[in-house]
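As structure tokens, the structure follows; a few thoughts come after it.
Nothing in this text is a laboratory measurement; each read-out follows from the coordinates by a stated rule. Everything numeric in this text was worked out from a predicted model, so none of it was measured. Here the Cβ is made from the backbone with ideal geometry for all residues, glycine too, and neighbour counts use every protein chain on show.
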Amino acid sequence: MTVTTAPPSQDERLVQRSFLTQLLNRPELGAVAGTVVVWIFFVIVAGNRGFLSLKGAATYLEVAAELGILAVAVALLMIGGEFDLSIGSIVGAVGMTITVLAVHFGWPLWLAIFASLILAMAVGYFNGWMVMRTGLPSFIITLGTLFIFRGATIGITRALTGRTQLGHLDDAVGYPLAKTIFAHDFVIGNAKFAISIFWWIGIVLLGAYILRQTQFGNWIFGVGGSQVAARQVGVPVRRVKIILFMMTAGAAWLLATIQAVNFTGSDTLRGTGSEFEAIIAAVIGGNLLTGGYGSVIGAAFGALIFGIVKQGIVFAGVDADWFQVFMGFMLLIAVLINNFIRQKAAETRR
């Protein structure tokens, strides 16, 4: 007797197809898979050299956190269809503003931190206003402000102090409280986990909530997909874009403050290259360069890959000069994987 198996009902096929479609439509899928692969790779090649220890985890999580703070804001801006290449110069400018005001002029540290926040917000507003006012690509506008603010930071700092590096921030009034908030270490076992890791986690959760659970998040997707269409349905495009630029500047301010307090000083060149690293993390995380699609969670995993690779090659005994080669390959592979996933997602919807 032949036993035949009935084909899945239409409802079952729809459920299976729906789950697969939802999985493939997640922008962060490639970054999550990449994180697992990279982590396993370094477990194999460097697991017995400290990579698997709590201290090892603390080091790569701290590196990931500092980049991840920027990557979250950069991802939101990229989903909104824009770039911000000035954030690296903002990191340097904010750090030097804090240190010059607190050390050279004797301001209370918290007043210097507040003044630097106003500076960062003004830069972010200026970037957004210029992009919307001129209609020029944000790549060009923020590339220009990158050089303007980095050059101004170097020139003004040298004119005031005769130097481009300043220390002794721990002598400023209010430093102990600032250290508790921005540079505290949590001891777990024999390892110290920097508070920047917890700042990062909080910002990722906040960014994910804004993007997926609020009207402003819908506006971000809308302006990134089509400014014309978004404006026609009542989205305040100009306001959304300016706020997004102010958010990237705010993230740069937070990172600069953490670094200045942690290292008890600043360098005019601090933050150099971080704008490109943040974009790489966002792209690895599944955010499109063309806007309208992406994920904050994906950018967080992109930053985590960055941290794992940067510290993993140290644990593996590989010359750190090869780090950029690793990241270049990771960027290309991530783009190819993300394109493949989107193609498969499109096929499942047919």
The chain: angle of helix 323-348 to the longest principal axis, Cα-based, in degrees nearest 10: 40
Three-way shape call for the chain based on the alpha-carbon gyration tensor, with the a/c threshold at 1.5: oblate
Under the Karplus curve 6.51 cos²θ - 1.76 cosθ + 1.60, θ = phi - 60°, whole-Hz ³J(HN,Hα) for region 54-65, x wherever Gly or Pro sits: 4, 5, x, 4, 4, 6, 6, 6, 5, 4, 5, 5
Neighbourhood net charge (15 Å Cβ-Cβ; Lys/Arg +1, Asp/Glu -1) for G80: +3
Placed amide H near N287: partners under 5 Å, 5+ positions off or other chain: S295
³J(HN,Hα), Karplus 6.51/-1.76/1.60, whole Hz, each residue of region 279-288, x for Gly, Pro: 5, 4, 4, 5, 5, 4, x, x, 7, 6
Ranked list, fewest to most other Cβ atoms within 10 Å of each Cβ, for F147, F193, F105: F105, F147, F193
Mean separation of Cα contacts under 8 Å (6+ apart) over length of the chain, as relative contact order %: 36
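Please give the peptides 248-257, 206-215, 82-91, 163-172 ranked by average Cβ packing (other Cβ atoms within 10 Å per residue), highest first, as a rough proxy for protection. Could you put the intermediate results ahead of the total?
Working: 248-257: 26.8, 206-215: 14.7, 82-91: 28.4, 163-172: 16.6.
Per-residue Cβ counts within 10 Å, averaged per peptide and sorted highest first, yield 82-91, 248-257, 163-172, 206-215.
Within a Cβ distance under 10 Å of I90, other residues only, what is the Lys/Arg minus Asp/Glu net charge?
Details: positive: R150; negative: D84, E275.
Result for the neighbourhood of I90: -1.
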Of F149, F276, F340, the one that fluctuates the most in a GNM where the chain has Cα springs shorter than 10 Å: F340
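Give me V36, V45, V314 ranked fewest to most by other Cβ atoms within 10 Å of their Cβ, as a rough exposure proxy. Don't skip to the answer; put the middle values down first.
Details: V36 12, V45 16, V314 19.
By the 10 Å Cβ count, ascending, the order reads V36, V45, V314.
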